[in-house]
Amino acid sequence: MTEEKKEASSTTGRAAKLARPNVLSLQPYRCARDDYSSGILLDANENALGPASLPTNSLDPYDNGMELERYPCPYQLTLKRLLCDHRNAQVGQTADNGGIQPKNVFVGVGSDEAIDLLIRIFCTPGNTSGGGDAIMITPPTYGMYKVCANVNDVGIQTVPLTPDFDLQIPEVSCC
């Protein structure tokens with residue numbers, strides 16, 4: 001890890017100490033949904049007229065309860081609350097009593113997105129120029145780690161698992 005990352009921000013938490021400085025300095029994107037919850041939101045490039053039923057005419061043009069022409073809420077607050085409530089109930093906690101809270105939950109579009117975001121946020125690119133950070137993979141493993149590292153110009157250190165699928169601790173420690 002570079003010294004630059006250690007002094008990146010006055011933001012608290014482990015993630016803030018590891019994240020790239022340029023990521024920490026980003027301002028959140030504001031979309032029309034931040035200010036409005038109904039109406040025609042032109043910035044979302046949505047179909048303001050609702051879903052089309054052509055060529056089958058199978059949809060009732062006056063029944064648009066599902067609002068299929070709208071993007072879902074980008075914050076996924078309802079889903080995050082449900083996940084927190086479920087997990088907290090399993091361990092006898094609540095969000096106010098040591099349990100997890102929606103603000104601490106990430107919801108992505110599958111593991112590919114989560115892997116890519118983790119690499120983009122925490123790894124400095126520069127592998128092709130002889131610098132930057134690297135990730136470690138332990139084959140056999142999910143191929144997206146390697147793909148995302150290559151897309152983000154991050155190095156890859158490989159330490160295969162043993163024939164019994166255990167980590168090779170001394171080799172992992174050396175990386």
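Side notes on the structure shown:
- Of all the numbered requirements in (1) open to solvent by less than 40 Å² (accessible area, probe 1.4 Å); (2) at pLDDT below 85; (3) hydrophobic (A, V, I, L, M, F, W, C); (4) within 23 Å of M136 (Cβ to Cβ), L41 misses one, and that requirement is (4).
- Evaluation of I135 against (1) under 21 Å from the mean Cα position of the chain (by Cα); (2) in a loop (DSSP other than H, G, I, E, B); (3) among the aliphatic types (A, V, I, L, M) (one fails), failing number: (2)
- Residues located in region 92-119, provided they are part of a helix (DSSP H, G or I), over 16 Å from R14 (Cα atoms) and more than 10 Å from the chain's Cα centre (by Cα): P102
- Single residue of A32, A48, A19, A8 found to be modelled with pLDDT of 80 or more and open to solvent by less than 60 Å² (accessible area, probe 1.4 Å): A19
- Flag if K80 is surrounded by 15 or more Cβ atoms within 10 Å (Cβ to Cβ) and not hydrophobic (A, V, I, L, M, F, W, C): yes
- Hits in region 18-49 - residues which are outside any loop (DSSP other than H, G, I, E, B), free of Cβ contacts under 8 Å to residues at least 40 places away in the same chain, of a type in the set (D, E, K, R) and closer than 12 Å to Y71 by Cβ: D43
The values are calculated or read from the model by the stated rules, or taken from the named source; none is laboratory data. Since this is a predicted model, take the numbers as computed values, not measurements. Here the Cβ is made from the backbone with ideal geometry for all residues, glycine too, and neighbour counts use every protein chain on show. All accessible areas refer to the heavy atoms of the entire protein, side chains included, with ligands and DNA or RNA removed. Shrake-Rupley method; radii C 1.70, N 1.55, O 1.52, S 1.80 Å.
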